[in-house]
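Bear in mind that the values in this text are calculations on the coordinates, not laboratory data. Please read these numbers as outputs of a predicted model, since none were measured by experiment. Glycine gets a Cβ as well: all are built from the backbone with ideal geometry, and neighbour counts include every protein chain shown.
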Amino acid sequence: MKALLCNAFGPIENLSIEEVAAPVAGPGQVVVDIKAAALNFPDALIVQGLYQVKPALPFSPGAEFAGVIKAVGEGVHHLMLGDRVIALVPHGGLAEHCVVDARAIIPLPADMDYATGAALLLTYCTSLHALQDVAKLAQGETLLVLGAAGGVGIAAIEIGKLMGARVIAAASSEAKLALCREHGADETINYASEDLRERLDALTGKRGVDVVYDAVGGAYSEPALRATAWGGRLLVVGFATGDIPRIPLNLALLKERAILGVYWGDWAKRNPALQQAQLLQLLSWFRSRQIMPPVTEQVPLHDAVDALQRMASRQVRGKIVVLPEA
Ligand SMILES: NC(=O)c1ccc[n+]([C@@H]2O[C@H](COP(=O)([O-])OP(=O)(O)OC[C@H]3O[C@@H](n4cnc5c(N)ncnc54)[C@H](OP(=O)(O)O)[C@@H]3O)[C@@H](O)[C@H]2O)c1
């Protein structure tokens, strides 16, 4: 089968498409014929050796996909050949097939296409956990989303609106902000051309926002934290800028603000029952079309390197999905 391969940690451009042995389903496993795999920022980090997890080499990046069950291992009775499924894996999704623990397989809803299914889990689960469990976002509060046109950002906008918040989306271009508005943002800030703090003061009448969803870090985190109200919460979701900011702790003291870490993958492992409930919540929201993963591009496997490079260099809106069979 064809797979995008990382033979050594390093620049994304070093990844190559190679012919590798097709995986075999061991006991308790299934092999999925991948129809669509979504790109996520951690895929770009993992191949460069910059992610908290470093897989054994060589490996294929790619953490979420949708497809069809192609083989079923011994002891798996609840899945059948041909079942349409979605899966989240540590890596291995940017390939024609992937072997998956059968317990990690989720049925693909009948009314969901492969590209949408591939782009749902990681970002929406992260943002639901961040806003509901960590920030405890309340109805009527104001939510600021940084990097709002990215994968977790759009999910945060949609879920923030569903939780009854006023949502301010910040991103670096008008095209990105237009996508944020399409997905429900009430107000937008172009933080490449406008002063983030001044605009937030103006939009909130100097009261400040209640929650900041920060997946970008760098020079944006501190002004965003300074623009929070009494009791404001800053969610530390990621550092897409590559720069981990050092925040003066007096900012926490002054308005009893909280700086809260979010690590959805680890939380989900520690709380499988809560994670299952959140998954059902997301599927229910999808059924009523209250959430819609922002798949903006679908590309063949041989364009995956270019797509990953564009994602890592800020040139993508929403999510790119790779189609291994195209
Ligand atoms: N904590 C968790 O559990 C968890 C789970 C999933 C993802 N994450 C993290 O969340 C972050 C976002 O992931 P994602 O998949 O949503 O990524 P994404 O779709 O690529 O979005 C990231 C956004 O960050 C902004 N950005 C600002 N400076 C950037 C730079 N120098 N390079 C690239 N992007 C830059 C971009 O928006 P503008 O151009 O508008 O600024 C971009 O849209 C990543 O750091 C990822 O590791 C964390």
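Annotation: amide H-H contacts under 5 Å for V212 (H modelled 1.01 Å from N, sequence separation of 5 or more, or interchain): L144, R233, L234, L235. Applying 1/(1 + (r/R0)^6) with r as the Cβ-Cβ distance of S16 and Q48 and R0 = 25 angstrom yields a FRET efficiency of 0.95.
Suppose each label sits 7 Å from its Cα in the direction of the beta carbon; what would the E325-R287 distance come out to in nanometres? So the label points at E325 and R287 sit 2.7 nm apart.
The charge dipole of region 122-265, taken about its Cα centre with unit charges on the Cβ atoms of Lys, Arg (+1), Asp and Glu (-1) only, comes to about 300 debye. Phi-derived couplings, Karplus 6.51 cos²θ - 1.76 cosθ + 1.60 at θ = phi - 60°, listed residue by residue for region 220-229: 8, 5, 5, x, 5, 5, 4, 8, 8, 7 Hz, with x used for Gly and Pro.
For region 54-161, trypsin sites (Lys or Arg not before Pro) are listed when DSSP marks them as loop and at most 16 other Cβ atoms sit within 10 Å of their Cβ; the list is K136. Peptides 187-193, 239-245, 60-66, 253-259, ordered by how many other C-beta atoms sit within 10 Å of their residues on average, highest first, read 60-66, 187-193, 239-245, 253-259. Proximity of backbone amide H atoms, modeled 1.01 Å from N, is registered between A36 and A66 at under 5 Å, excluding neighbours fewer than 5 places apart on the same chain. Peptides 114-120, 11-17 ordered by packing proxy, namely the average of other Cβ atoms within 10 Å per residue, highest first: 114-120, 11-17.
With contacts taken as Cα pairs under 8 Å at a separation of at least 6 residues, region 100-209 carries a relative contact order of 19 percent.
DSSP assigns beta bridges within the chain; of those with both partners inside it, close to 55 percent run antiparallel. Across region 122-131, coupling constants 3J(HN,Hα) worked out from phi with the 6.51/-1.76/1.60 Karplus curve, θ = phi - 60°, read 4, 6, 6, 5, 4, 6, 5, 4, 4, 7 Hz, and Gly and Pro carry x. With helices as the sole contributors, the chain gives -7500 deg cm²/dmol at 222 nm; each DSSP H run of n ≥ 4 counts as -39500 (n - 2.57), and the sum is divided by every residue.
With 0.36 nm allotted per residue and the present C-alpha distance subtracted, the A252-R197 stretch has 18.1 nm of extension available.
Kirkwood radius and radius of gyration were both taken over the C-alpha atoms of region 122-265, and their ratio Rg/Rh is 0.92.
Every pair of different Cα atoms in the chain enters the Kirkwood calculation, which places the hydrodynamic radius at 20.2 Å.
The charge dipole of the chain, taken about its Cα centre with unit charges on the Cβ atoms of Lys, Arg (+1), Asp and Glu (-1) only, comes to about 860 debye.
Maximal additional length on extending the A104-I244 stretch stands at 47.2 nm, based on 0.36 nm per residue less the C-alpha distance. Taking θ as phi - 60° and the Karplus parameters 6.51, -1.76 and 1.60, the scalar couplings of region 41-50 work out to 3, x, 4, 5, 6, 5, 6, 8, x, 9 Hz in sequence order, x denoting glycine and proline. Label-to-label distance for A8 and D83 is 4.2 nm, based on points extended 7 Å past Cα in the beta-carbon direction.
Pairs from the list K255/K319; K176/K255; K2/K54 with a Cα-Cα gap above 26 Å: K255/K319; K176/K255.
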